[in-house]
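Undergrad: Quick one: the structure is below, and I'll ask about it shortly.
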Amino acid sequence: MVIEEEETTSVLLHERRVFRPSAAVVEAARVKDWEAELTAGQDIEAYWAAKAGQFEWFAPWTQVLDSRDAPFYKWFVGGRTNITHNAVDRHLSTERRDRVALLYVNERGEEYRVTYAELASEVNKMANALMKLGVRKGDRVAMYLPPCVEAAVSMLACAKIGAVHSVVYAGFSVRALADRIHDANAKVLITADGTFRRGKVIDLKSVADEAVGASPSIKTTVVVRHAGNPVVSGTIGREMLYDELIEGANSECAAEPMDAEDALFILYTSGSTGMPKGVVHTTGGYMVATATTLQTVFDIHDDDVWWCTADVGWITGHSYCVYAPLLAGTTSLIYEGAPDYPEPDALWRVVERNAVTKFYTAPTTIRHLMRFGEKWPQGCDLSSLKILGSVGEPINPEAWVWYYEHVGGLRCPIMDTWWQTETGCFMISPLPVSALKPGSATKPLPGIEADVMDLDGKPVPPGRGGLLVIKTPWPSMLRTLYNNPDRYKKTYWEQIPGGIYVSGDIARKDEDGYFWIQGRADDVLKIAGHRIGTSEIESAFVSHPAVSEAAVIGTPDPIRGEVIKAFIILKEGYAETPELVKELRKHVRHELGPIAVIGAIVFTATLPKTRSGKIMRRVLKARELGIDVGDVSTLIET
């Protein structure tokens, strides 16, 4: 990430609407005084130590935070615990043992439930089976699995015995999977016969076989019979079926005492060029921060049905589909399928049938479903919903309001969360009792100190954009990049003097201290001497009633430096016409002013995105300029 010329960005879009929580939301909230909680979090060591006290530790920590070898920070030094013990075993002596822990649902309408007691048995069997395969503490286990119960069981089993899991999204290419296996030097690969998507069964096994053929470190491949595809044996190494592997395995397994700083997992970022970064998260701090932020932000209670729509292959799936919900003792719904199949109400039907209370999804999903109109959510009973959430790219104000009105029924506050693979947990987010501004992630959470700075480390005044930074360490922070500590320091800690974490995003703060994420620093447009974030321009387009999604890039202009080229996906019922192009130009000029100079508008049916739904503007720009886009095998067009 390089910032050139001016070090701050211009702010063109000003959102004035404010939404306040209802009396019912405030009454139910665990945290009723937002400002008091933020004040408590200013003493970060005392705050996080208090939150760590809710968990069981085999040995107490002697120091909350060790900064002597910064930026290689250590949390809960000397403490020993096990995240699976806390996420599963700890609940067995309580009434939660018979509560549903995991609720699996797929687009075919099939579903099954696993209680905490049943989950404990399955995890223990898999843990013992892995040890029988020779997996020991510190060994790496790769996974290439669809969203399914076996994926969660396998992750928890690895954590229980101290093995380090490396989950790869089951949609990545052979090359992407093989690269990640090779970099982690994984000993075992756990995969499946296939996954369900838009009424089809997509083969996973052949991809896994080819990747294993290029991965000499893999000694055993374990195959889950999930989608009914014939399982054809690979030709490399040992291969075993998951159900046969755990059959007869002991359903009791002692949890490995893990040092708080022992590695829990490696998760590779979804970069589309070069070798992705292997982000390493450790045990104790990750456990404390993910559970705390889920409980605080989404106000988790014992009777909640929590649904995070992310795939387990992403950090959102790790933190908020598997670990945090189970640590909180709630029911976590795992969904497999497309959001608009067999009809555009697929997600809302799942909410209706399963009485989901807390729902967390990506802005790209909301914008995609907006194109079909409000009749689909309105045709379902969504009265069980209490709190909504957003994760991924910034959610534009119009999508926020549509979500609030047509999904939340004007009663469910939206927790717009900003965080990253590297942070492990929510960093900037409202609480249910917060006053909300559509499009703003509000303020840093208690125990988190964020700011907006220029390249010299000076805070940027309210109303100007700059680099979004974290000024102090936090428990779930990445500890390093796997086998590459120098890249870790250079990428995150050396761009601004003083040991400050640079996120790679640009943001601004308003007069109330609310944060507004403006996009990735590399996506900033430079028009006539002004630096403009992509999110504001895209929000202006999406605020037009015809537009479902928008992506913008800068294209060279001899006078202004760059002008805007917009790629637009229309809602159903709207046609591509010259009149609409004129109307969109006029609308954006009205919303943003004359600085936002539009060079061209292109209508498209799809946009290049990462598998987690983030628009890859870099790919659009490379195509526009006729340069090599690099390896795009890990991207999708939706």
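Undergrad: State whether the residues of region 278-294 include one that is within 30 Å of residue 482 (Cα to Cα), assigned by TED's automatic domain parsing to the domain that holds residue 65, touching a residue at least 40 places away in the same chain (Cβ under 8 Å) and in a loop (DSSP other than H, G, I, E, B).
TA: Within region 278-294 (the criterion being within 30 Å of residue 482 (Cα to Cα), assigned by TED's automatic domain parsing to the domain that holds residue 65, touching a residue at least 40 places away in the same chain (Cβ under 8 Å) and in a loop (DSSP other than H, G, I, E, B)), the answer is yes, since at least one residue qualifies.
Undergrad: Then there's this: Collect the residues in region 21-44 that are modelled with pLDDT of 95 or more and either surrounded by 14 or more Cβ atoms within 10 Å (Cβ to Cβ) or farther than 23 Å from residue 451 by Cβ (or both), keeping them in residue-number order.
TA: Scanning region 21-44 gives a single hit, 44.
Undergrad: What's the number of the only condition in (1) on the phi > 0 side of the Ramachandran plot; (2) surrounded by fewer than 24 Cβ atoms within 10 Å (Cβ to Cβ) that residue 424 fails to meet?
TA: The number of the failed condition is (2).
So that you can scan it fast, the table gives a plain yes or no per residue for (1) within 24 Å of residue 92 (Cα to Cα); (2) modelled with pLDDT of 95 or more:
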| position | (1), (2) |
| --- | --- |
| 322 | yes, yes |
| 326 | yes, yes |
| 329 | yes, yes |
| 334 | yes, yes |
| 339 | no, no |
| 347 | no, yes |
| 350 | no, yes |
| 362 | no, no |
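Undergrad: Six or more apart or on different chains, Cβ under 6 Å: which pairs go from a residue in region 302-315 that's touching a residue at least 40 places away in the same chain (Cβ under 8 Å) to one that's surrounded by 23 or more Cβ atoms within 10 Å (Cβ to Cβ) and among the basic types (Lys, Arg)? Could you list them?
TA: Every condition considered, the pairs that remain are 304/358; 306/358.
Undergrad: For residues in region 604-628 being among the β-branched types (Val, Ile, Thr) and buried (at least 18 other Cβ atoms within 10 Å of the Cβ), which is modelled with the lowest pLDDT?
TA: As a first pass, look at region 604-628 and keep what is among the β-branched types (Val, Ile, Thr): 604, 606, 610, 615, 619, 627.
Checking which are buried (at least 18 other Cβ atoms within 10 Å of the Cβ) leaves us with 610, 615, 619.
On the way: 610: 70, 615: 80, 619: 82.
Going through the qualifying residues, I end up with 610.
Undergrad: Return yes or no: is residue 119 part of a strand (DSSP E or B) and assigned by TED's automatic domain parsing to the domain that holds residue 83?
TA: On the way: part of a strand (DSSP E or B): no; assigned by TED's automatic domain parsing to the domain that holds residue 83: yes.
No: the conditions fail for residue 119.
Undergrad: Hey, which of the strands (runs of 3 or more DSSP E) in region 495-565, taking only ones fully inside, have at least 3 residues that are in contact with a Gly (Cβ under 7 Å, 6 or more places away or on another chain), buried (at least 20 other Cβ atoms within 10 Å of the Cβ) and at pLDDT 85 or above? Steps first, please.
TA: Details: elements: 501-509, 515-520, 525-527, 530-532, 547-557.
Correct list: 501-509.
Undergrad: Continuing with this model, one more query. Please enumerate the residues belonging to region 382-397 that are in contact with a Lys or Arg (Cβ under 9 Å, 6 or more places away or on another chain) and touching a residue at least 40 places away in the same chain (Cβ under 8 Å).
TA: Passing the criteria: 386, 387, 389, 392, 393, 395, 396, 397.
Undergrad: So which pairs qualify, if the first residue must be in region 481-498 and touching a residue at least 24 places away in the same chain (Cβ under 8 Å), the second must be assigned to a helix (DSSP H, G or I) and of a type outside the set (Val, Ile, Thr), the Cβ gap must be under 6 Å, and the two must be at least 6 apart or on different chains?
TA: Hits for this filter: 481/487; 481/488.
Undergrad: Now for a separate question. Do we have residue 455 as surrounded by fewer than 22 Cβ atoms within 10 Å (Cβ to Cβ), at negative phi and assigned by TED's automatic domain parsing to the domain that holds residue 33 here?
TA: yes
Undergrad: Turning to a different aspect of this structure: Of the residues in region 155-191, how many are of a type in the set (Gly, Ala, Ser), in contact with a helix residue (DSSP H, G or I) (Cβ under 7 Å, 6 or more places away or on another chain) and not in a loop (DSSP other than H, G, I, E, B)?
TA: 4
Undergrad: Can you find a residue in region 282-295 that is surrounded by fewer than 23 Cβ atoms within 10 Å (Cβ to Cβ) and modelled with pLDDT of 95 or more?
TA: Yes; the residues of region 282-295 include at least one that is surrounded by fewer than 23 Cβ atoms within 10 Å (Cβ to Cβ) and modelled with pLDDT of 95 or more.
The values are calculated or read from the model by the stated rules, or taken from the named source; none is laboratory data. No experiment lies behind these values; they were computed from the predicted model shown. Cβ coordinates were reconstructed from backbone atoms using ideal geometry, including for glycine residues, and neighbour counts include every protein chain displayed.
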